[in-house]
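Trainee: Got a structure for you, questions after.
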Amino acid sequence: MADPIQVNERVFVPERAQKLKAVRSGGPGGQNVNKVSNKAELRIDLALIEGLDEGALARLRHLVRNQVDADGLWMMSSDRFRDLPKNIEDNRAKAIAVIAEALVVPKTRHKTRPSKGSKERRIESKKRIGAVKAGRQGSWD
């Protein structure tokens, strides 16, 4: 079975939330391509990740919304390497990176008003463009 994935000191993915599967990788590979299963597929049950608060879980669900299978499990795969253990570690690194990204609380946006200088610059720009267009108007006599 897979070891727990430790994201930080309080957030981790326990073994029971992970399903690991080795499958055959696609693409060119010579004689070995049809014999060796080097591609690693990792499925994680998002509800079983320990240490996530509701906001972080919602952000994580939003981040992986296109990688969820029919059973509701987050699915990722890796076939970057020709070695299964390296592909398993690559999947674990991907999971850590995405979960860590979901832990970051986004800064809230506060409404601001345009400054007096920016308003003046905008009006001057509009007047300049209007003057150019007015200069194009003329008699064709």
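What follows draws every value from the coordinates through simple rules; no lab data is involved. Values in this document were obtained by computation on a predicted structure and should not be read as measured data. Quick reminder, even Gly has a Cβ in these numbers, built from the backbone with ideal geometry, and neighbours come from all protein chains shown.
Trainee: Among the residues of region 125-141, is any of a type outside the set (Asp, Glu) and surrounded by 12 or more Cβ atoms within 10 Å (Cβ to Cβ)?
Mentor: No, region 125-141 contains no residue that is of a type outside the set (Asp, Glu) and surrounded by 12 or more Cβ atoms within 10 Å (Cβ to Cβ).
Trainee: Take residue 131 and tell me if it is more than 22 Å from residue 10 (Cβ to Cβ) and part of a helix (DSSP H, G or I).
Mentor: So residue 131 passes the test.
Trainee: Right, here's the next one. State which residue is surrounded by the fewest Cβ atoms within 10 Å (Cβ to Cβ) when the search covers only region 69-103 and only residues that are without any contact (Cβ under 8 Å) to a residue 24 or more places away in the chain and either within 20 Å of residue 25 (Cα to Cα) or touching a helix residue (DSSP H, G or I) at 6+ places or on another chain (Cβ under 8 Å) (or both).
Mentor: So the residue we want is 85.
Trainee: Considering only region 44-68, how many residues are surrounded by fewer than 13 Cβ atoms within 10 Å (Cβ to Cβ), touching a residue at least 40 places away in the same chain (Cβ under 8 Å) and in a loop (DSSP other than H, G, I, E, B)?
Mentor: 0
Trainee: Okay, next question. Quick one: would you say residue 36 is in contact (Cβ under 8 Å) with a residue 40 or more places away in the chain, of a type in the set (Val, Ile, Thr), surrounded by 10 or more Cβ atoms within 10 Å (Cβ to Cβ) and assigned to a loop (DSSP other than H, G, I, E, B)? Show your work before the answer.
Mentor: Details: in contact (Cβ under 8 Å) with a residue 40 or more places away in the chain: no; of a type in the set (Val, Ile, Thr): yes; surrounded by 10 or more Cβ atoms within 10 Å (Cβ to Cβ): yes; assigned to a loop (DSSP other than H, G, I, E, B): yes.
So residue 36 fails the test.
Trainee: Out of (1) of a type in the set (Asp, Glu); (2) part of a helix (DSSP H, G or I); (3) surrounded by 12 or more Cβ atoms within 10 Å (Cβ to Cβ), what's the single condition that is false for residue 41?
Mentor: Condition (2) is where residue 41 drops out.
Trainee: Moving to a separate point now. Do we have residue 22 as small (Gly, Ala, Ser), buried (at least 16 other Cβ atoms within 10 Å of the Cβ), assigned to a strand (DSSP E or B) and in contact with a helix residue (DSSP H, G or I) (Cβ under 7 Å, 6 or more places away or on another chain) here? Let's see the steps before the verdict.
Mentor: Values: small (Gly, Ala, Ser): yes; buried (at least 16 other Cβ atoms within 10 Å of the Cβ): no; assigned to a strand (DSSP E or B): yes; in contact with a helix residue (DSSP H, G or I) (Cβ under 7 Å, 6 or more places away or on another chain): yes.
No; evaluated as a whole, the condition is false for this residue.
Trainee: Considering (1) in contact with a Ser or Thr (Cβ under 6 Å, 6 or more places away or on another chain); (2) at positive phi, say which one residue 51 fails and leave the rest.
Mentor: Failed condition: (1).
Trainee: Restricting to region 95-135, what's the tally of residues that are in contact with a strand residue (DSSP E or B) (Cβ under 7 Å, 6 or more places away or on another chain) and of a type outside the set (Gly, Ala, Ser)? Even if it seems obvious, please write down each step before you answer.
Mentor: Narrowing region 95-135 to residues in contact with a strand residue (DSSP E or B) (Cβ under 7 Å, 6 or more places away or on another chain): 95-96.
Now drop any that are not of a type outside the set (Gly, Ala, Ser), which leaves 96.
Of the residues in region 95-135, 1 are in contact with a strand residue (DSSP E or B) (Cβ under 7 Å, 6 or more places away or on another chain) and of a type outside the set (Gly, Ala, Ser).
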